[in-house]
Every structure is written in C-alpha cells, then in structure tokens.
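Written out below as structure tokens is the structure these notes cover.
The values are calculated or read from the model by the stated rules, or taken from the named source; none is laboratory data. The shown structure was predicted, so the numbers you read here are calculated from the model rather than taken from an experiment. With ideal geometry, Cβ positions are generated from the backbone for all residues, glycine too; neighbour counts draw on all protein chains shown. Surface areas here come from the heavy atoms of the whole protein model, side chains and all, with no ligands, DNA or RNA. Shrake-Rupley method; radii C 1.70, N 1.55, O 1.52, S 1.80 Å.
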Amino acid sequence: MTKQLTTTPKQDGFRMPAEHEPQSGVWMAWPERTDNWRYGGKPAQATFVEVAKAIAQTTPVTMVVSASQFENARSMLPSDIQLLEMSTDDSWMRDIGPSYVVNDKGERRGVDWHFNAWGGLVDGLYFPWDKDDAVARKVCETLGDNSYRAPIVLEGGSIHVDGDGTLYTTEECLLHPSRNPDLDRAQIEEVLKAYLSVEKVIWIPQGLYNDETNGHVDNLIHVVRPGEVVLTWCEDDTDPQYNISRMAMDALLTQKDAKGRQIKVHKLPMPGPLFISEDEASGVDASDGMERVPGERLAGSYANYLISNEHIIYPLLDETRDGEVASLLSELYPGYQITGVDAREILLGGGNIHCITQQIPQI
Ligand code: KQY
C-alpha cells in the first residue's frame, strides 16, 4: 500500500533528478477535450501517437485515457505503449503528473502539487480541474510509490531542475496572483527547497510571449546539463519576444547556479512567428477559458523538447528552422539520438512535447 507522506523530501533525503538522468518510463494522457483540441481531438491524437512512438524507442511509455476513448486509443497506439484508463480534464501530463524525487538508496517518491488549470478562477483555462488534480497521486499509486502532497499550486512545466541543486523558473508564472497569492517569492523558494531539495532558484522575468500558462519556463528554456541551458532567441527587434529573450539572457548571465557556476546560455532559434489559421481556429469548440482566434500568435518554441534516456524528442514547427535546431541539439547532446515530431497540433492546444510528457526516474 502506498502512503501520502507528511514530511518533506528534503527532510527525508530525496532530491529531484534532472531530465537527462536515467528514466524508467514516460507518462502521457490522451487528448479529447473539444474546447482545446480541434475536430474532437482527432488530429492531436495522431500526433500524440507519433510522440509516444518516438519516446518508446528509448523509454517505455504509459498513456492514460478515458473509458470512452480506450478502444480508439488502443487501436491507434502500438502494442508496446501501455494504456491505462484514468479520468483527466485534459492531457498535459507535465503539469498534472507528479514531479519525482529520488534518494541515494535507490528509492523514489512523487511530489503531488496542487493543480488549478493554470490560474483557477482568476485566469484559469477551464473549470473544473479536480480530475487533473488527482492524476499525480494516481500515477504514484499505480507505480507503487509513496507521495508528498506539496502545499502550493504549481505545474511541472513551470520549473526545470539541473539535478545538482539549481531550479529555473519564471517570475511571471510562480509569482502570478492566480497561483499562490498569499506567498511571496521567499516563501515560494522555501517550498521549492523543501519539496525538491534544490539550493538555488534562478528567476527569469517572463516566459514566452502569449503563452496561456502565464509563462512556463519549459516553453522558454531547457537545461542541457548543470550550468548550461538553451534559451529561445528572437533576432527581430520588432517582435514582442525580442525583449523577453534578452531579459531572460540577462537574468541567466547575472545569477550563478547553486554550485557557483556562471551559466552558459545557447541561443535556440524561435520558430515562425507562428499564427493560428482560420481553418485551425474553426475546429475548436468555443469556451470561456481558451481563446482560439484566427491570426492569434501561437506560443511556439523549440525549447519544449523532452530528454529521455539519451534521446531528444523535439517539436518540428517551422521547416525553415527545424534542421538548424536538430544540428544544434546534436552538438549540445553528443551521442544522443535526436528525433523530430511534427508538433503543430500540440502547439494549437497551447503547449508542446515537454508539456504532454512526464518522466519517471529509474531507481
Ligand atoms: O504546459 C503547458 N504548456 C500546458 C498548456 C496548457 C494549455 C491548455 N490549453
């Protein structure tokens, strides 16, 4: 039987490993929400299948799916992808799944954050979100792992760790009034330190332009290794992303990481800019939370890739830049397999490959 623990990972000697450390699995959730995914989720489902197949080349994948979509998902997914019935409100496993912590005795536990659909009743994207909020605990129970119910609202995509004491995040998201309005920066840092055993928080002012998550860090940067990150970069000084990327560069270069390293920043080209077409917008059911208007700027970024057992699964978003990005990733990750997946459909839903996946560390 698994337990919900009332201590903290730091007290118990557990830390969150980096994404480049070994993994035993990756979890995803099947898309079907018609006010987020166009045409009843059909095009997104085909893309999720391609992402799952790509990851499964190096890491076992488990897909959770509603009862009503079970047969459909089973018929679309290869047999080596494990399918598990679970209720969700949507399909962003990075944000609704557990953040895992490990200790040096080879044990693993989940951290189960409070989830409020990216802003609750202030500026959240849907209501209710209770099924999503229950997912992290269910994943831990299924895997037979104990978990901690952390005392703050947080989505997995709003943090990156380097596994060596440093956490990266954005002020835009973690200090947003729709997340933890009663806590200040120092109090949030204390919770991150207690629940992930990080020693230093690197604050970046803003996330990617027009990101409906309030600026998740995983749509702006990725951690390559301790002391080294990629940052989405924009060369057009008339583009709103131009200043955001420069402010991020400045923040990264003027703070040292937990081990006192000067952070090395690699510029990652920005796709596009990309915009939603009339046809794409017309396939989405109208809702209060998620706007899908023709001509709206999409929050496209190549930083939204998954690292899984020496394999990079990155989004193909713009054929004029996809190849350049593959070359850069090959240089940054020597010996890793680099796989691109056409990810426009995930982008139309408001995120990308990193946002729809959650890795489980190997123990
Ligand atoms: O982590 C993410 N980027 C999730 C995006 C959620 C968008 C919901 N439409």
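Listed values, structure above:
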{"quantity": "Output for segment 189-233, where each listed residue is within 15 Å of the ligand (Cβ to nearest atom), of a type in the set (D, E, K, R) and open to solvent by 10 Å² or more (accessible area, probe 1.4 Å)", "calculated": "211, 212"}
{"quantity": "Residue that is touching a residue at least 24 places away in the same chain (Cβ under 8 Å), charged (D, E, K, R), out of contact with any Lys or Arg (no Cβ under 9 Å at 6 or more places or on another chain) and within 16 Å of the ligand (Cβ to nearest atom), where the choices are 123, 89, 130", "calculated": "123"}
{"quantity": "Selection count where residues are surrounded by 24 or more Cβ atoms within 10 Å (Cβ to Cβ) and part of a loop (DSSP other than H, G, I, E, B), scope segment 97-110", "calculated": "2"}
{"quantity": "Breaking point among (1) of a type in the set (Val, Ile, Thr); (2) without any contact (Cβ under 8 Å) to a residue 24 or more places away in the chain; (3) closer than 28 Å to residue 19 by Cβ, for residue 238", "calculated": "(3)"}
{"quantity": "Residues (outside any strand (DSSP E or B), buried (at least 19 other Cβ atoms within 10 Å of the Cβ) and under 17 Å from the mean Cα position of the chain (by Cα)) located in segment 134-178", "calculated": "135, 136, 139, 154, 155, 156, 157, 158, 162, 172, 173, 174"}
{"quantity": "Segment 286-304 - residue that is more than 12 Å from the ligand (Cβ to nearest atom), open to solvent by less than 60 Å² (accessible area, probe 1.4 Å) and in contact with an Asp or Glu (Cβ under 9 Å, 6 or more places away or on another chain) and, of those, farthest from residue 60 (Cα to Cα)", "calculated": "295"}
{"quantity": "3 or more residues in contact with a strand residue (DSSP E or B) (Cβ under 6 Å, 6 or more places away or on another chain) and surrounded by fewer than 22 Cβ atoms within 10 Å (Cβ to Cβ): qualifying strands (runs of 3 or more DSSP E) within segment 1-96", "calculated": "82-85"}
